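Written out below as structure tokens is the structure these notes cover.
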Amino acid sequence: MEQRHLGRTGLRVSRIGLGTLTWGRDTGEHDAADMLKLFWEAGGTLVDTADVYGDGDAESVLGQLMERLVPRRDLIIATKAGSVPDPDRRFDCSRGHLLAALDASLERLQTDYVDVWQVHAFDPDTPLDETLQALDIAVNSGRARYAGVSNFCGWQLAKAATWQLAAPGVRTRLASTQMEYSLLQRGVEREVLPAALDLGVGLLPSSPLGRGVLTGKYRHSTPPDSRGACEHLAPFVAPYLDDAAGRIVDAVATAADGLATTALQVALAWVRDRPGVAAPIVGARHAQQLAAALSVEALSLPQEIRRALDDVSAPVHRYPDQDWSTL
């Protein structure tokens, strides 16, 4: 699998990442082992997790598999901290909480460092400088090799990345930002992606298949074994089952027919090769699904197909965004 630099750093990652959102909850250790081995054998390196996935079980499963299945040195492990199971405070990005969460992640992962440590979301109740100090401490102590953020809007990302570049002393530049990005969700193109490109921050798209909708599986009905039919995941899929999404899914299916490939491959290739993207994170439920995603490696979309998909999924970006001089 082709490797790409993560932002403006020397770290190289596989251009498809393996997500572990459901590990330890909906995905058992056996299926997780099959996927990790398949991913590794295909040349994949980037594995994305978080301390709250499966209430920590996702990290624990990954740690056990690295112990006996795939060498730790062959993987780029990215994890996140800052989300908390508190109905009154969804995020705690205080320095104390973040560093304690990192130590707990390292214990579950059975490793003494993570390759990329990310702040899971912006915390309005903690000064941003305090949050960023936790990233500096983690990198300077060797517990993390690189640092990033997740779910930061445009001004939040720009503020954080600029502070790390401009503040006095030795600060850790942001390597990555993880955001939802697909043909069904192009909101990052408004401000996040331009900021990331300008500041040298690599984009790690989550839900690159539109929460599974872009595979076409929901075009006519909801498969009983899909996330859309799962009680706790159905609300996650529902926003992308409207008429507007249906028109985009139909266009993807038409492109797939013309290229003699699958809708999954077309949708994944589109987001993988967008400017600024380092590696889409694919969250498969079992090895067969992952194999279908990894088969995209050989596909590059023709320009006319790419332009057609751009047009049918184009978000409305007007004043005061880029190129508004003709308004």
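Values for this structure:
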{"item": "Positions within the range 139-154 being open to solvent by 30 Å² or more (accessible area, probe 1.4 Å) and in contact (Cβ under 8 Å) with a residue 40 or more places away in the chain, in sequence order", "result": "Arg143, Arg145, Tyr146"}
{"item": "Test result for Arg12, charged (D, E, K, R) and in contact with a helix residue (DSSP H, G or I) (Cβ under 9 Å, 6 or more places away or on another chain)", "result": "no"}
{"item": "Odd one out for His232, checked against (1) open to solvent by less than 40 Å² (accessible area, probe 1.4 Å); (2) without any contact (Cβ under 8 Å) to a residue 24 or more places away in the chain; (3) within 22 Å of the chain's Cα centre (by Cα)", "result": "(1)"}
{"item": "Scope the range 88-128; condition farther than 19 Å from Tyr53 by Cα, touching a helix residue (DSSP H, G or I) at 6+ places or on another chain (Cβ under 7 Å) and surrounded by fewer than 17 Cβ atoms within 10 Å (Cβ to Cβ); matching residues", "result": "Asp112"}
{"item": "Some residue of the range 107-128 being among the hydrophobic types (A, V, I, L, M, F, W, C) and farther than 25 Å from Asp198 by Cα", "result": "yes"}
{"item": "Pairs with Cβ under 9 Å, 6+ apart, first in the range 201-229 and touching a residue at least 12 places away in the same chain (Cβ under 8 Å) and more than 18 Å from Glu180 (Cβ to Cβ), second of a type in the set (Ser, Thr, Tyr) and not in a strand (DSSP E or B)", "result": "Gly216/Thr262; Ser226/Tyr218"}
{"item": "Residue that is farthest from Val201 (Cα to Cα) [pool: residues in the range 254-275 that are open to solvent by less than 30 Å² (accessible area, probe 1.4 Å) and of a type outside the set (A, V, I, L, M)]", "result": "Gln265"}
{"item": "Residue in the range 10-18 that is among the polar types (S, T, N, Q) and either in contact with an Asp or Glu (Cβ under 9 Å, 6 or more places away or on another chain) or within 13 Å of Val116 (Cβ to Cβ) (or both) present", "result": "yes"}
{"item": "The range 304-318 - residue that is without any contact (Cβ under 8 Å) to a residue 60 or more places away in the chain and open to solvent by 60 Å² or more (accessible area, probe 1.4 Å) and, of those, farthest from Arg190 (Cα to Cα)", "result": "Glu304"}
{"item": "Options Asp243, Asp273: the member that is without any contact (Cβ under 8 Å) to a residue 24 or more places away in the chain, at negative phi and not hydrophobic (A, V, I, L, M, F, W, C)", "result": "Asp243"}
{"item": "Filter result (part of a strand (DSSP E or B) and in contact with a Phe, Trp or Tyr (Cβ under 6 Å, 6 or more places away or on another chain)) within the range 1-21", "result": "Leu18"}
{"item": "Check on Leu327, part of a loop (DSSP other than H, G, I, E, B), aliphatic (A, V, I, L, M), over 30 Å from Thr79 (Cα atoms) and at pLDDT 95 or above", "result": "no"}
{"item": "Within the range 61-74, tally of residues that are open to solvent by less than 30 Å² (accessible area, probe 1.4 Å) and either in a helix (DSSP H, G or I) or in contact (Cβ under 8 Å) with a residue 40 or more places away in the chain (or both)", "result": "5"}
{"item": "Members of the range 22-45 found to be part of a helix (DSSP H, G or I), of a type outside the set (Gly, Ala, Ser) and open to solvent by 10 Å² or more (accessible area, probe 1.4 Å), listed by number", "result": "Glu29, His30, Asp31, Asp34, Lys37, Leu38, Trp40, Glu41"}
{"item": "Of all residues making up the range 199-229, the number that are buried (at least 21 other Cβ atoms within 10 Å of the Cβ), assigned to a loop (DSSP other than H, G, I, E, B) and out of contact with any helix residue (DSSP H, G or I) (no Cβ under 7 Å at 6 or more places or on another chain)", "result": "1"}
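The values are calculated or read from the model by the stated rules, or taken from the named source; none is laboratory data. Note that the coordinates shown come from a computational prediction; the quantities given were computed from them, not determined experimentally. Cβ: placed from backbone, ideal geometry, glycine included. Neighbour counts: every protein chain shown. For the accessible areas, the whole protein counts, side chains as well, though only heavy atoms, and no ligand, DNA or RNA atoms are used. Shrake-Rupley method; radii C 1.70, N 1.55, O 1.52, S 1.80 Å.
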